Amino acid sequence: MGAPTTPATTGTPPRPIPGVHPASRALTRPRRRLVAAAAALVALAAVGAGSLLDLRTPAPKSADAPAGEFSAGRAYEDVQVIAARSHVAGSPANEQVRAHLEQQLRGLGLETEVQDTVAPEAGQLSGAAGGATLARVRNVVARLPGTDSTGRVFLVSHYDSVQTGPGGNDDAAGTSTILEVARALTTGPRPRNDIVFVLTDAEEACLCGAAAFAASHPLAADGGVVLNLEARGSTGPVIMFETSRNNAKLVDIFGRAAPHPVGTSFAVEIYRALPNDTDFTAFLDQKFVGLNSAYIDGGAIYHTPLDTPAAMDRGSLQQHGDNALGLAREFGGTDLTDLRSGHDATYFPVPGGLVRYPGWLTLPLALLAVALVAALGWLTRRSGRASTGRLAAGFALALVPIVAAPVAAQLLWLAITTIRPGYAELLDPYRPIWYRLAVLALATAILFTWYALTRRRIGPAALAVGGLAWLALLGVLLAVAVPGGAYLTTVPALAGALGGLVALRTRQTGPWPVVAVTAAAAVGVVILLPTVVLLFPALGMAMGGVAALVAVLLGLVALPVVDLLHPQAGGQRGLLALRARRLAVLPAGAAAVAAVVLAGVGLGVDRFDAAHPAPTHLMYAMDAGTGQARWLSHESDPQPWTDGYVDKVTSVEDDFPGLGGDALRTGPAQAANLPAPKLEVLADNAVRDERTLRLRLTPQRAVRVATLHVETVTAKVLRAEVAGRVVPVQQGGRRWGFGLVFHAPPPEGVEITLTLQRSAGPVPIRVMDASDGLDALPGFRPRPPAVGVVGSHTSEMLAVARTYPI
Ligand SMILES: [Zn+2]
C-alpha cells in the first residue's frame, strides 16, 4: 500500500481521485482509516448516549422531601387512592374519588367547590349520529388567590377513568401531580397570579368536564394559561406535545422554567394531525393559551385493566411534578397580560435544555440549507471528486433507502403481527424494545447494503452530497407544510453541508476533514436520535416506518463517517480490491442478521401471559322489545377466545344506532333479564306543522351512558334541547338520522325536548343504555389468565335498547 493509485474510472493520474470523499483522502492507509473510523464512531456514540441520557426521567423523590419540592412519593399516595378501582364518570367509585380530591384541596386551605352541570362535548369526538353528545359532570375546582393577579394559571387534569381500568396513570398521574403541586405552592410565599386547580370529570367520555369549565365557570371567564397534565402509558419522559397557537413566548417560558423540558415543535404538528383529544382541546380558543404534557411510553396498558398504580413509573410522575411546579411558579409570577406572540416557535430538546428559534426563520433556514448543499455539490465537482453525472446519480439513488427503509419496517411489522395477531389491538407491544431495535437494525441494513452497492460506481462524495440534498429539500417541503418539523432535516442538512465544505477546504493530510464530517454527523445525532426514540412510543409499532425513515435520514447525514468503515475508494486493485469489497458487505450483513435476531427475540420474549394478556374486545347488546341478544366484537381478526362468541361480520346501526355504524363481529347470545331505559312523554303539543315532545329518558339500572335516536325517515327533527340546553341538529340519510348521547345520566333521568315535523303516524324513537361488565350475563365464560381486555371505550359494554312509537 502506498500512494493512491489511479482508479479505473479515470485515465489521468495527477487529478484527485473521483469518488473519494474528502474526509477519507488522507486515510489511504487502512490502519489510519480504521483508527479514524473508530474515533469518529466512539465520538458519535458518546454524543448519542448523552442525548438519550438527557431524556431519562429524574429519580423519584421520597415522601420526606422538603415541603417546597415536588415529591413523587407523596403524590403516589394519592395515586393509590384515586386509582384503587375503575371510576368512570357518574359511578359511585368516581364520587368517592371526588370526595377525596375535595378533602385534600380543602385541607390545604384552598377555596374549593364542585361545578355540577350538564355540558356538551368539546372538539369533534365520535358520538351521536347527526346529533349531540353531552354529560352530567362534576368538576372539582380550587383556587389559590394571587397577591396581585394579572391573570389566571389553570392546572388541569381529569379525575375520571375509563370503564375498563382504574386509570393508575391516565389520569391519576395528572390529578395526583396537581394535588402535590397545590400542596407545595401553599407552603411557600403566595404567587402573584391566581392559580386555579381544575380536576375535570367525564374526560374519557367526551371531554365534557373541561368543556363545561372552559365555557361556563366564572373563573374561566377571562381565560388564562392552561397547563394540562396527561398520561397515555406508564413510563418514559414527560413530553410537552401540544401548545396553543402562536406559542413562542410560552415555549420560551417552558424552556426556562421546566426543570426537565422535553418537547418538540414536531410533536405539536404530529398531534394536530392525529385524531386524539385531551381536555386541552376544550381550552383551544381565543381566551386561553397553554401547554399540554404527557408521558406516553408503555402504551400497551393504556385504558386497560393493567393501568394500575403499580404499573406507574414514578420517575415519570416526578418529572410531571417537577415541570408542573416549575411552570406554575414561573407563570404564577409572570405578567400574564400578553403571552401570545405573533408566531409559533421551533423547538427541540438537546442535552441540557431546549433549543428554540422563531418559526419565521424556518423557511429562510431551509432555503439556506439548499443553497449550502448546492454549493457543496458545485465545489465537489470543481475539485474533481464527482462529475455532474455522478452527483445526479447520487441524488437519485439516495431516494432508495429513504423509501425502502420505511416500507421494509412496515412489512416487518406486518410479518410480526401475522405471527402474533393479538398485537393488532395494542397501541404498542408490552415489551417493544426488541421490535424497535429490529426496525433500527433493518433501517441500518438497508442503508449499508445500498451504500455498499452504489459506493464504487457513484463514489462516496456524490452519495454524501445526494443524501444531504434530500434532507435539504425535505426541509423546504416541511417548512411549507409542517413548519414545526422542518428543523428535523434542515438543521442536519446545514450541518452536513458546512461539515463537507470545511472538509473540502482543509488540508487533506490532517485530521480536520474527519473532525468536520464527524461534527456534522454529531449534529444529526443530537437532533434525530431523540426523535427516533420518541417516535416509537408516540406512533406505536404499527407506524414504525416513520421511525425507520428518520433513522435513515440520520444515516445519510452520517454517510461520510459510515464511509470510513469501508476501504478507501479506488485505493486498491485486483485481489486487494476484491477483499475490500467483500469486507464492505460486513456491516450490512451484520445489521441484517441483527434485524432478524432482534425480531425473533421480540417474539420469544414478548409472549402473552397472565401479566401481559392478549387483548380481546367483547360487548353484549340486547333488544328488550324482541328479547334478542347478541355478542359483538370490534376485533377484525378475532382472537380464539373471542371466536367462541362471534362469527359473522355485521353492522348493528339499524338495531343499535348508539353503537355506531362500524363493521362488527357478531354471534347469538342468551337474553338477560335487564330492563330497557324508560321513555316517558311529559308533554306532546302540536302547532301547525310542528310537534313538540317533552320526554324523560330514565335508565332503570346503573348505567354509564344513555342514548336516544329518532327515526328521521318518519319525522324530521327541527330542534332539540337536552336538560334545558339547545343542541345542534343535523341529520343524515340514515334510518336513525338524529341521535343524542348522554354520559353519566343522573338516576332521575334526563329531560329531552324535541320539535319534529308532523308525521302521519307515531314516530319511532329508539333508546339504549349501557353499563359495564359482562360477568353476570348468561353464557359468559370468564377469560383465562392470558386473555385480557382491549383498552377501548366499548370493551365489556352491556347495552339494552328498545323502540318506543310516540
Ligand atoms: Zn384516557
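Per-residue counts of other Cβ atoms within 10 Å, averaged by peptide: what ranking do you get for 336-344, 511-519, highest first? Working shown, then result.
Details: 336-344: 15.7, 511-519: 22.4.
Highest mean packing first, the order is 511-519, 336-344.
Once you have a ≥ b ≥ c as the square roots of the Cα gyration tensor eigenvalues for the range 716-806, tell me rounded if a/c is under 1.5, and otherwise prolate or oblate according to whether a/b is larger than b/c.
Details: a/c = 2.52, a/b = 2.23, b/c = 1.13.
Prolate.
Can you tell me the Rg and the Dmax, both Å, for the Cα atoms in the range 440-539?
That works out to 14.9, 46 Å for Rg and Dmax.
Go through 686-698, 536-548, 173-185 and give me the packing order, highest mean Cβ count within 10 Å leading. Let's see the in-between values first.
Numbers: 686-698: 15.2, 536-548: 22.5, 173-185: 27.5.
Packing order, densest peptide first, comes out as 173-185, 536-548, 686-698.
Taking the Cα-to-Cβ direction at residue 628 and at residue 718 and moving 7 Å from each Cα, how far apart do the two end points lie in nm?
Result for the modelled spin labels: 3.5 nm.
Mind checking the full-extension length gain between residue 53 and residue 272? Use 0.36 nm per residue of separation minus the Cα-Cα distance, one decimal, nm.
Working: separation 219, 0.36 × 219 = 78.84 nm, distance 2.81 nm.
Computed gain between residue 53 and residue 272 is 76.0 nm.
Rounded, prolate or oblate: which fits the range 179-316, taking a ≥ b ≥ c as square roots of the Cα gyration tensor eigenvalues, rounded meaning a/c under 1.5, else prolate when a/b beats b/c? Provide the component values of the computation, followed by the final result.
Values: a/c = 1.28, a/b = 1.23, b/c = 1.04.
It is rounded, given that a/c, with a ≥ b ≥ c, falls under 1.5.
Please compute the Cα-Cα pair-distance distribution of the range 500-565 with 10 Å bins starting at 0, giving whole percents from short to long.
Pair shares across the bins are 22, 40, 23, 12, 3.
Can you bin the range 341-440 into rounded, prolate or oblate? Criterion: square roots of the alpha carbon gyration tensor eigenvalues sorted a ≥ b ≥ c, rounded for a/c under 1.5, prolate for a/b above b/c, oblate for the rest. Walk me through the numbers on the way to the answer.
On the way: a/c = 3.12, a/b = 1.39, b/c = 2.25.
Oblate.
Report residue 754's accessible area, 1.4 Å probe, all protein chains in place, as a number in Å² to the nearest 10.
Number for this one is 0 Å².
From Cα pairs below 8 angstrom and at least 6 apart in sequence, can you work out the relative contact order of the range 139-224, rounded to a whole percent? Could the numbers behind the result be given before it?
Numbers: 132 pairs, mean separation 38.7, N = 86.
Relative CO of the range 139-224 lands at 45 percent.
What is the gain in length, in nm to one decimal, between residue 340 and residue 692 on full extension, counting 0.36 nm per residue of separation less the C-alpha to C-alpha distance? Write out the running numbers ahead of the final one.
Numbers: separation 352, 0.36 × 352 = 126.72 nm, distance 4.67 nm.
Gain on extension, residue 340 to residue 692, equals 122.0 nm.
Take the solvent-accessible surface of the protein heavy atoms, probe 1.4 Å, and return the percent of it on the chain that carbon and sulfur atoms account for.
Carbon with sulfur: 59 percent of the solvent-accessible area.
What does the convex hull of the Cα atoms of the range 514-645 come to per residue, in Å³, rounded to a whole number? Display every interim value, and only then the final one.
Values: hull volume 23.6 nm³, N = 132.
Dividing the Cα hull volume of the range 514-645 by its residues yields 178 Å³.
Please list 425, 204, 77 from largest to smallest accessible area, probe radius 1.4 Å, with all protein chains kept in place.
On the way: 425 55, 204 20, 77 105 Å².
Result, largest first: 77, 425, 204.
Taking Cα pairs under 8 Å and at least six residues apart, what relative contact order does the chain come out at, in percent? It would help to have the intermediate numbers written out before the result.
Details: 1856 pairs, mean separation 125.0, N = 806.
Dividing the mean separation by the residue count of the chain yields 16 percent.
On C-alpha positions alone, give me the angle between the axis of helix 487-505 and the longest principal axis of the chain, in degrees, nearest 10.
It is inclined by approximately 10 degrees.
May I ask you to order 758-767, 475-484 by the average number of other C-beta atoms within 10 Å around their residues, highest value first?
Details: 758-767: 16.6, 475-484: 19.6.
Packing order, densest peptide first, comes out as 475-484, 758-767.
So what is the accessible area of the chain per residue, in Å², with the probe set to 1.4 Å? Before the final figure, lay out the partial values.
Details: 30920 Å² over 806 residues.
Result: 38 Å² of accessible area for each residue.
Round to a whole angstrom and tell me the spacing of the C-alpha centers of the range 254-329 and the range 177-230.
15
What percentage of all Cα-Cα pairs in the range 150-195 are separated by more than 15 Å?
53
Please report the projected area of the chain's Cα convex hull averaged over all directions, in nm².
Working: hull surface 149.5 nm².
Across all orientations, the chain yields a mean hull projection of 37.4 nm².
Against the empirical 2.2 N^0.38 Å scaling, what ratio does the C-alpha Rg of the range 600-735 come to?
Working: Rg = 20.4 Å, N = 136, 2.2 N^0.38 = 14.2 Å.
Rounded to two decimals, the normalised Rg is 1.43.
Using a 1.4 angstrom probe on the protein heavy atoms only, line up 270, 416 by accessible area, largest first. All intermediate terms of the calculation are to be shown ahead of the outcome.
Values: 270 35, 416 5 Å².
These residues rank, largest area first, as 270, 416.
If Rh is defined by the Kirkwood formula over all Cα pairs and Rg also comes from Cα, what ratio Rg/Rh do you get for the range 105-213? Spell out each step's value before the answer.
Details: Rg = 15.3 Å, Rh = 14.8 Å.
On the Cα set of the range 105-213, Rg over Rh gives 1.03.
The values are calculated or read from the model by the stated rules, or taken from the named source; none is laboratory data. Quick caveat: nothing in here was measured; it's all calculated off a predicted structure. Positions of Cβ are backbone-derived with ideal geometry, glycine not excepted, and every protein chain shown enters the neighbour counts. Each accessible area value is taken on the protein alone, full model and side chains, heavy atoms only, with ligands, DNA and RNA left out. Shrake-Rupley method; radii C 1.70, N 1.55, O 1.52, S 1.80 Å.
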